[in-house]
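A short worksheet on the structure shown next.
Values quoted throughout were computed directly from the atomic coordinates according to the rules given, and no laboratory measurement underlies them. If you're wondering where the values come from, they're calculated on a predicted model, not measured in any experiment. Here the Cβ positions follow ideal geometry from the backbone for every residue, glycine too, while neighbour counts run over all protein chains shown.
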Amino acid sequence: MTGADAALSSRLGAALAQAVEACVTPGAVCQVTIAGETVTATAGDLASHDDAGAPIPLDQRTPVSSETVYDLASVSKVFTSIALLSLADEGIVDIDASVGEWLPSFRNGVRSDVTLAHLLSHTAGLPPVNPFTIQHAVQGFGTDDPRWVTPDRSALLDGILSLPLDRAPGTDKVYSCLGYITSMAAAEAATGASWSQIVRERVLAPLGLERTTLTPDAARTAPTEFQPELGRGMIRGVVHDETACALGGAAGNAGLFAPVADLTALGSALLAGLPDVLRPEFAALLWEDQLPRLIGPNAAAVEHNLGYGQSLGLRIGQRTWMSDAGTGARGHTGFVGTSLLVDREHDLVVALLTNRVHPNRSLADATDLRHAISTIAYGH
């Protein structure tokens, strides 16, 4: 490691340690790649509470390492977008065709206007989340003996695909996990393959992401939330997102787990244009702002209110966490405290993994930590 690399690692590590000290997260792993040179920093512990929700004594905790596997949460959506664009690249689906071509519940009325491009840019008009997940997945919710029972996937998915739109497609951008679940359903219908097979064959294998998985080894995985009220106990090695979990873990909105090196490798592949996965015209859809063409004249006002643009899978220039220098950055965040930032102008990849919802989601969010890490990376 050069002197400059050591200095950068020290600054990153100090920012992570400060977040751990402030109880933002029990532990964190960060990797920054600048012009092909990678620096890694870690801080804190794998877990602060045991499987029963009790605090673990400080001298009995396991420090995190660069090999620690984390729930990627909504950073999984980046993989979903790549998978759908791969299908479009081969002509199996058309991103601008009605999803009613593959999903019967989108064949009538205004729902027939919903396209895959709408789904992948959060402009389809779908609700943010499924309001019925808990009642399907938890027996005895609100009692002293709640039990999490994975419901029938087909029935739950049919219910999600039948939810009414909140607004007409192509009129606004409102973040929706259901849009990505719907795009997953369209991919499964179009190919006849399972979601896990689609992601593995179209994203993980071609990019060499051998340790990214839907089914991690719990012993090597940082736990997320303690949810006894849902009958889930301490969540470890199982996706944190309730709807993704109810769908069996294989879902378009969340479900993937990875160590930091694999997330960095994904970022580097995005910088390079994903040549092993997509032709340039399809890779460009991950990079270029799609809101002007999808919501028309309202795009400027929508982006002003949001504070960022949106490609088919990545946010553009969201300075609240990408930092003031990140106006040209692309990336995504995850609810549990994960994020991936890529910037072609600066030849930069920033991968951050935390489990800030451990042992519960009332801890501070990771926005300030993400911003601090991004600022350090740009100011190297």
For the chain, rounded, prolate or oblate, judged on the Cα gyration tensor with a ≥ b ≥ c (square roots of eigenvalues), a/c < 1.5 rounded, else prolate if a/b > b/c? oblate
Charge tally for neighbours of Gly179 with beta carbon under 12 Å away, counting Lys, Arg as +1 and Asp, Glu as -1, is +1
Below 11 angstrom from the Cβ of Arg211, what's the summed charge of the other residues (Lys, Arg +1; Asp, Glu -1)? -3
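First check a/c for the range 1-97, with a ≥ b ≥ c the square roots of the eigenvalues of its C-alpha gyration tensor; if it is under 1.5, answer rounded, and if not, answer prolate when a/b is larger than b/c or oblate otherwise.
On the way: a/c = 3.48, a/b = 1.54, b/c = 2.26.
Oblate is the answer for the range 1-97, as a/c is 1.5 or above yet b/c matches or exceeds a/b.
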Within the range 92-183, list the trypsin sites (Lys or Arg not before Pro) lying in a DSSP loop whose Cβ has at most 13 other Cβ atoms in a 10 Å radius. Arg107
Work through the residues other than Ile316 whose Cβ is under 9 Å from its Cβ and net out their charges, Lys, Arg +1 and Asp, Glu -1. -1
What list of ³J(HN,Hα) couplings, whole Hz, do you get for the range 54-71 from phi and the Karplus terms 6.51, -1.76, 1.60, once you set θ to phi - 60° and write x for glycine and proline? 8, x, 8, x, 4, 7, 10, 7, 9, x, 6, 9, 5, 8, 4, 8, 10, 5
To the nearest 0.05, how large is the calculated FRET efficiency for Ser162 and Asn305 if R₀ is 35 Å and r is the Cβ-Cβ distance? 0.70
Quick note, the range 144-207: a/c under 1.5 would make it rounded; otherwise a/b > b/c is prolate and the rest oblate (a ≥ b ≥ c, C-alpha gyration tensor); here it is oblate
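Given the DSSP H assignment, sum -39500 (n - 2.57) over each helix run of at least 4 residues in the chain and divide by its residue total; what's the result at 222 nm in deg cm²/dmol, nearest 500?
About -9500 deg cm²/dmol.
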What FRET efficiency comes out for the pair Ser66/Ala22, r = Cβ-Cβ distance, R0 = 22 Å, nearest 0.05? 0.50
Which FRET efficiency value, to the nearest 0.05, do you get for Asp217 and Ser10 by plugging their Cβ-Cβ distance into 1/(1 + (r/R0)^6) with R0 = 45 Å? 0.90
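Using unit Cβ charges (K, R positive; D, E negative) and no other charged atoms, how large, in debye to the nearest 20, is the dipole of the chain about its Cα centre?
260
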Mean separation of Cα contacts under 8 Å (6+ apart) over length of the chain, as relative contact order %: 24
Most fluctuating residue given options Leu266, Leu294, Leu306, as computed from a GNM of the chain linking Cα atoms under 10 Å: Leu306
If you place +1 on the Cβ of every Lys and Arg and -1 on the Cβ of every Asp and Glu, how big does the dipole about the Cα centre of the range 131-235 come out, in debye to the nearest 20? 320
Given the C-alpha centroids of the range 123-163 and the range 308-352, what is the distance between them in whole angstrom? 31
